1. Output the number of residues of the stretch B:88-118 satisfying the condition of being among the hydrophobic types (A, V, I, L, M, F, W, C) and surrounded by fewer than 24 Cβ atoms within 10 Å (Cβ to Cβ).
2. Please determine whether any residue of the stretch B:354-369 is in contact (Cβ under 8 Å) with a residue 60 or more places away in the chain, outside the structural domain of B:LEU312 (by TED's automatic domain parsing), part of a loop (DSSP other than H, G, I, E, B) and surrounded by fewer than 21 Cβ atoms within 10 Å (Cβ to Cβ).
3. Tell me, please, whether a residue that is of a type in the set (Gly, Ala, Ser), surrounded by 24 or more Cβ atoms within 10 Å (Cβ to Cβ) and under 18 Å from A:LEU550 (Cα atoms) can be found in the stretch A:334-342.
4. A:GLY482 versus (1) buried (at least 22 other Cβ atoms within 10 Å of the Cβ); (2) more than 14 Å from chain B (Cβ to nearest Cβ); (3) not β-branched (Val, Ile, Thr): which is the lone unmet condition?
5. Take B:GLU210 and tell me if it is in contact (Cβ under 8 Å) with a residue 40 or more places away in the chain, assigned to a helix (DSSP H, G or I) and facing another protein chain (nearest Cβ under 8 Å).
6. For the stretch B:119-135, does any single residue satisfy the condition of being assigned to a loop (DSSP other than H, G, I, E, B), away from chain A (no Cβ under 12 Å) and surrounded by fewer than 24 Cβ atoms within 10 Å (Cβ to Cβ)?
7. Considering only residues of the stretch A:82-129 that are in contact (Cβ under 8 Å) with a residue 40 or more places away in the chain and of a type in the set (D, E, K, R), which is farthest from the other protein chains (Cβ to nearest Cβ)?
Amino acid sequence: MSIILLQSLTGLASAASLFLVAVGLSIIFGVTRVVNFAHGSFYMLGAYLAWWLHQWLAAGALGFWVSVVVAAVTVGLVGVLVEYLILRRIYKAPELFQLLATFGVVLVIQDAVLWVWGPEDRLGPQVPGLDGAVLIAGHYLPSYDLFLIAITPLLLLALWWLFQRTRWGILVRAATQDREMVAALGVNQTRLFTAVFFLGSLLAGLGGALQLPKGGADTLLDINIIATAFVIVVIGGLGSILGAFLAAVLVGQLNAFGILVFPTLTLALMFLVMASVLILRPQGLLGKPESAAPPTGPPAPRLRLPSRLSLMLWLPLLTGLVALPWFTQGYVLVLMVDIFIAALFAASLHFLLGPGGMISFGHAAYFGLGAYGAALLVKYLSLPMLPALLLAPWIAGLGALLFGWFCVRLRGVYLAMLTLAFAQIIWSVAMQWYPVTGGDDGILGLWPAPWAADRISYYYLSLTLCALGIYSLRRMMFAPFGYALRGSRDSARRAEAIGIAVRHHQWAAFTIAGVCAGLAGSLYVYSKGSVFPDVMAIPNSVDALIMVLLGGVQTVSGPLLGAAVFTWLHDELSRLDYWRFLLGLSLIGLVVLFPHGLGGIAEQWRSRRISS
Amino acid sequence: MVRMRSVVLLLAGCLSAGITQAAEPIRIGELNSYTSLPAFTLPYRNGWQLAVEQINADGGVLDRPLQVISRDDGGRPGNAVRIAEELVSREDVVLLAGTFFSHVGLAVADYAKQRRVFFMAAEPLTDALIWDSGNRYTFRLRPSTYMQAAMLAEQAAELPATRWATIAPNYKYGQDAVAAFKTLLQQRRPEVEFIAEQWPAQGQIDAGAEVQALLAADPEAIFNVTFGADLARLVREGRLRRLFAGREVVSLLTGEPEYLDPLQDEAPEGWIVTGYPWYAIDTPEHNTFVAAYQARFDDYPRLGSVVGYNTLLAVAAIIEAAGSTDTDALVEAARGIEFASPLGPIRFRAADHQATMGAFVGQTALQDGRGIMVDWFYADGNDYLPDEATALQRRPSE
């Protein structure tokens, strides 16, 4: 009995900082619709700042609390800076585009933290007065846990008061429901957004600072918290403060009891819970169903059939790629293979994101299924390379068919988070099913057959298969299927009224995107010779998203350009110290300069010429 | 800029040794997870830089200076393979060295096998690297998961405790360490039983809950494999919740300064650990190393520093013995080679390419507000490896 009491108190305590970081994210998303990847970085910044201030102010309970408050406010101001300098310039960009800028901020903050505070983990200070433990039912509970358990409802209450009882809070809630209407009523939106960013970032910083006595500050805090924060936001329902609280408590409790019952399930537990919640309740516990129309941004422009001019551009490019091995046989070919694979992977995600209107945060699942599919076919059925290469994508397709059935029932960020949940579940299977997948030790020895083993042959093989894959995706975009898909995206009701089976089309698109990502994955395996669970992990999904957004969601060839630029930039910059800082800055620069993506540059110039 | 820096080092080396400009440098490709695990890899980088400077100041290898082309693999095996390819084909390096994470190490090892390139794996701990997936071209320096678990199992067998619990990160490294420790301890003490296993996610430990779960099982002793930020959380919660009171703890890698120093005055006392007590090792070769390191970097060495330093010493010794930079000559030279290191002589076993570099085993204690190792001894790696014939059977044939 006492173990249950202790475990639930422990779960409540760990819910505290989860709640703070999630509620900030939820508020920011609710009002500005920005999917803020940098939120975890604000959390990390809060931890480091508070630790550093505390060192500086020296010991004493007062010193600690002053550090916590100052750190939280400072992080709030950093959030304002990010909003003012970067995001404000791109609110008008297509939906999700801001995500790219916040990803740049993540990279910049990672290296800034490493530069300022060094690589060593920093142990959090203990708070005088709260540094002991209290005996409860024969067990010791740290008194700081009791403090956290007490303060969380108080913070919830304060936030509730702020949003329900103050004019500012009412405006924020109004903006969450209908931004345009609030603007039309004469409310200064710009100032509102900045204030919301201040509050959201401050809460993240506060969460980071308050968890110090439970651990400390280290350079991986940001990555380790951000997925959890999104999960809690989504379980609770986007924009709902009470929802975030309930979800934080739920996740805290599940962790605490989950490890008692299923100690090995730690990797997937949270995502299993999120998947179940979303399947049963597509808008989270307390969220409102997302409206059918895409919430922000200008409507997507019409996709035009490739003009003669663009065909004239494609032909020399393709010829150039075919001729490349005559000029160089060195490393460039290796890099190009990586770019082809990235381009196909990005194109498959774009098919889902652009014409399909479905956001995926877990597209690496299908890339990984293709990769592991090929690897397992070779390992267990001893298939030769070509059959394995061509069969594996269908395994990814089967996975997409299964998961897609659930995903297409959802919308917007909820859909995206369900894809992430599935990806994480598959990832944890690859990590933990040692007898079959080898776990983290992966599967080795997957090199191309002798006829394709040299650099040039594999270059041509991947060029051919990637070009075919990309061409098929483009072809489908302009086939009746693609029109029906775009129609379903732009107006599901009208599409249904004229007899289009919206869900079936989306389901099919999901599967097709999965097959193509699987092809990219199986080509990847043979170019690297080995496969590890990291092909399905979050960073790989994020990379694909970055490439698509960088290239521009609303253009057909943008993702290819995005894949090429991102892969090349990454390869080029990673030779330098602090390359993440530079990569982050480059991304932010590109985002601010080209808010329609690189593929939209031509469009941008054309419209500028017309307007001038 | 790493590349710039190594060029500058090279120049400095040339000048001080008076090597003529005509001596073409021997280029070594080095890759590691500098951004994803800086706490370990940055001291490691200092270590190999020091070695390169010293080697070049002494006239280089085969009368040629060493030049290291260093790259960050970002902790991703796919990147690492691409970088390896670039180092080999564009930078014209004679061999590859480095890597930290096991999966990155395995990916590069498999690449080395396919492209027939010599690979000196510095830090990956997985046993697969030299046994189940071992290959002709891959050699490994650091004592493996198995070896370190064996060192601890030997100590653990001396303890009276028979009811054990384990806590380890939920991936292959944790799994391997726990499996090896269990087997080896039960071989010595068949009456030992393992009554609970906890598997927190790496970097995301819910320390309070894990500690409470361990308390619920009420073991007499605990085997811990968590490290880094997870370890700090575990130590703090465990202390507050009285998990460690009256229980023996045996803990992998915890004595390494990388993981022990961040714990400051909360470093646990009386844990049996593997690690690196640089402050207490009093041998001429180690004193020289520490003095040179502190003079060069104004910082004390971590375990990573020694590993980095030894990596380049090993590479230099192998090239010297091979008399050329030809891959097959390097492999033949490396088999069974012995070289002098700050930790004493280290040999690469001919059968399984594992170095006999050992680890320090001792107990943790507090001194002047920081954790140290006391009652330690140097456990030579060779004593904790299966004999070469047995090891050879675990390797695929060449």
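The values are calculated or read from the model by the stated rules, or taken from the named source; none is laboratory data. Keep in mind the model is a prediction, meaning the values are calculated, not measured. Cβ coordinates were reconstructed from backbone atoms using ideal geometry, including for glycine residues, and neighbour counts include every protein chain displayed.
1. Adding up the residues that qualify gives 4.
2. Yes: one or more hits.
3. There is at least one residue in the stretch A:334-342 that is of a type in the set (Gly, Ala, Ser), surrounded by 24 or more Cβ atoms within 10 Å (Cβ to Cβ) and under 18 Å from A:LEU550 (Cα atoms).
4. Answer for A:GLY482: the failing condition is (1).
5. Considered against the rule, which asks whether it is in contact (Cβ under 8 Å) with a residue 40 or more places away in the chain, assigned to a helix (DSSP H, G or I) and facing another protein chain (nearest Cβ under 8 Å), B:GLU210 comes out as yes.
6. No, the stretch B:119-135 has no match at all.
7. Here the answer is A:LYS92.
Let's see how each residue does on (1) acidic (Asp, Glu); (2) in the same structural domain as B:ASP298 (by TED's automatic domain parsing); (3) modelled with pLDDT under 90:
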{"position": "B:GLY13", "(1), (2), (3)": "no, yes, yes"}
{"position": "B:ALA17", "(1), (2), (3)": "no, yes, yes"}
{"position": "B:THR20", "(1), (2), (3)": "no, yes, yes"}
{"position": "B:LEU31", "(1), (2), (3)": "no, yes, no"}
{"position": "B:ARG45", "(1), (2), (3)": "no, yes, no"}
{"position": "B:GLN49", "(1), (2), (3)": "no, yes, no"}
{"position": "B:ASN56", "(1), (2), (3)": "no, yes, no"}
{"position": "B:ASP63", "(1), (2), (3)": "yes, yes, no"}
{"position": "B:LEU66", "(1), (2), (3)": "no, yes, no"}
